[in-house]
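The values are calculated or read from the model by the stated rules, or taken from the named source; none is laboratory data. Model, not experiment: these values are computed from the prediction. Neighbour counts run over all protein chains shown; Cβ positions are idealised from the backbone, glycine included.
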Amino acid sequence: MITYERKVLPNGIIVLFNKDVNTPMAAVNIIYKVGSRDESPEKTGFAHLFEHLMFGGSKNVPQFDIPLQVAAGENNAFTNDDYTNYYEVVPKENIETALWVESDRMRGLNINQSTLSVQKKVVTEEFKQRYINQPYGDLMSILRDKAYTTHPYRWLTIGKDIKHIANANLEDVQNFYDSFYQPDNAIIGISGDFESEYIFDLVEKWFGDIKGKCSKKPIPQEPEQKEARRVELKKDVPVTAIYIAFKMKDRLSKDYILSDTISDILSSGTSSRLYQNLVKNSPIFSSVNAYISGNIDPSLFMVCGYINKNTDPLEAEKALWKELKDFCDTPIDNEELEKVKNKFEANTLFGELNVSNKAINLCYYEMIGDIDLMNSETISYRNIKASEITEMAKRLFTKEHSTTLIYESSVELGE
């Protein structure tokens, strides 16, 4: 259970505080509600690029890391489809340092050609290394571009074209900053051994006078998929990969936790169904997995595997579909379900021991639109019935809602 208090500043910043008396450290987390879903199709990768630019210094903090190092703190950030997250962990007596540096880059980031040129080079190199030159690097980009026709989830956070980053100019990035890095688009989560009044006063001191309004545009929503989609291609990779993506409901839907539970039953650990039937007791796959993309808007349930050499990809695909059909047709064993529930509960409890995780969770659940899920979701998982899992699987694993990618190795069989 994570207890919290909530306050909204006049400029729109949402502040959430958790009192933790068991640690000498304090965590400050900020989520800006901007991810790759907010980008233009002609200018993708900007949310991730901006994560890098946010460490380029601000009006009163020319080198972002230095004050935090002096304060014996650490910091980092990450970007995904839905949001961008920044956090600091410092000794609690130095919490003002974390609030100062974060407020300064919200108030006035130092956007200049030198910083932009450096970070464009860093990001384009990352693009090349991870998504162009690495085996299977473009796999997810190809799959998502086929699975989605309208929603911005059809491109990855890194972007869909390296030229979009390479051609970014100062006006582009300044407009992005002015549009999204505004107080009414930010959520601040703090965890540490303080009184709430003190924390709210500190946040008001450092952030209260920041002006600005977010100018978000509506996100294009994905129409219902009514027929199966398919991509088959050959690549210079060691073995063939098969991915089947199914459309699933949004983050706040009851179907979300049911789908998440199904993914764990199918592939979590060596005792899972897919591992036992397609890896251990069968020569078809060398590895197999099932997972959800976990986005805010309706997203994807992935079933995937890398097949052993000398195996026909179409036969391997049939084997995956057979497992999914068997899952729909066979009642779930209560012991199997309990194992997954216990794992989720243990992971949740373990996460609540970490001051940084608590600050992140405060922001995350506020952002998705139901902060009370932070504490109630474990109960929802615990109350799942085996019959609900079977019913969900039958709704989920349908051909007309699927997108299949056969990412075939061009290496000849037997080589």
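At a glance:
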read-out: Residue selected from region 5-27 under the condition surrounded by 21 or more Cβ atoms within 10 Å (Cβ to Cβ) and assigned to a loop (DSSP other than H, G, I, E, B), by the criterion farthest from the chain's Cα centre (by Cα); value: ASP20
read-out: Any chance GLU51 is acidic (Asp, Glu) and under 19 Å from the mean Cα position of the chain (by Cα); value: yes
read-out: Scan of region 391-415 for residues that are among the polar types (S, T, N, Q) and under 23 Å from GLU224 (Cβ atoms), ordered by number; value: THR398, SER402, THR403, THR404
read-out: Long-range neighbours under 6 Å by Cβ, at least six apart or interchain, first residue part of a loop (DSSP other than H, G, I, E, B) within region 208-226, second of a type in the set (Phe, Trp, Tyr); value: GLU222/TYR148
read-out: Verdict on PRO152 being closer than 21 Å to PHE55 by Cβ and either surrounded by 15 or more Cβ atoms within 10 Å (Cβ to Cβ) or not assigned by TED's automatic domain parsing to the domain that holds ILE13 (or both); value: no
read-out: Residue pairs meeting the criteria (Cβ under 6 Å; at least 6 apart or on separate chains; first closer than 15 Å to ASN18 by Cβ, in region 174-202; second part of a helix (DSSP H, G or I) and aromatic (Phe, Trp, Tyr)); value: none
read-out: Exclusive hit being over 15 Å from TYR407 (Cβ atoms) and in a loop (DSSP other than H, G, I, E, B), set THR261, THR311, THR270; value: THR270
read-out: Test: residue in region 253-263 that is more than 19 Å from LEU324 (Cβ to Cβ), surrounded by fewer than 18 Cβ atoms within 10 Å (Cβ to Cβ) and of a type outside the set (Ser, Thr, Tyr); value: yes
read-out: Residue check for GLU345: assigned by TED's automatic domain parsing to the domain that holds LEU405 and in contact with a Ser or Thr (Cβ under 7 Å, 6 or more places away or on another chain); value: yes
read-out: Residues of region 222-242 that turn out to be closer than 30 Å to LYS33 by Cα, in contact with a Ser or Thr (Cβ under 7 Å, 6 or more places away or on another chain) and either polar (S, T, N, Q) or surrounded by 12 or more Cβ atoms within 10 Å (Cβ to Cβ) (or both), as a count; value: 1
read-out: Tally, over region 388-413, of residues that are within 29 Å of PRO223 (Cα to Cα) and without any contact (Cβ under 8 Å) to a residue 12 or more places away in the chain; value: 1
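Condition check ((1) in a helix (DSSP H, G or I); (2) over 30 Å from LEU202 (Cα atoms)) across all residues:
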position	(1), (2)
GLU102	yes, no
MET106	yes, no
VAL118	yes, yes
THR124	yes, yes
LYS128	yes, yes
GLN134	no, yes
MET140	yes, yes
LEU143	yes, yes
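Matching residues to (1) in a helix (DSSP H, G or I); (2) touching a residue at least 40 places away in the same chain (Cβ under 8 Å):
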| position | (1), (2) |
| --- | --- |
| PHE50 | yes, yes |
| GLY56 | no, yes |
| ASN60 | no, yes |
| GLN69 | yes, no |
| ASN75 | no, no |
| PHE78 | no, no |
| ASP82 | no, yes |
| TYR86 | no, yes |
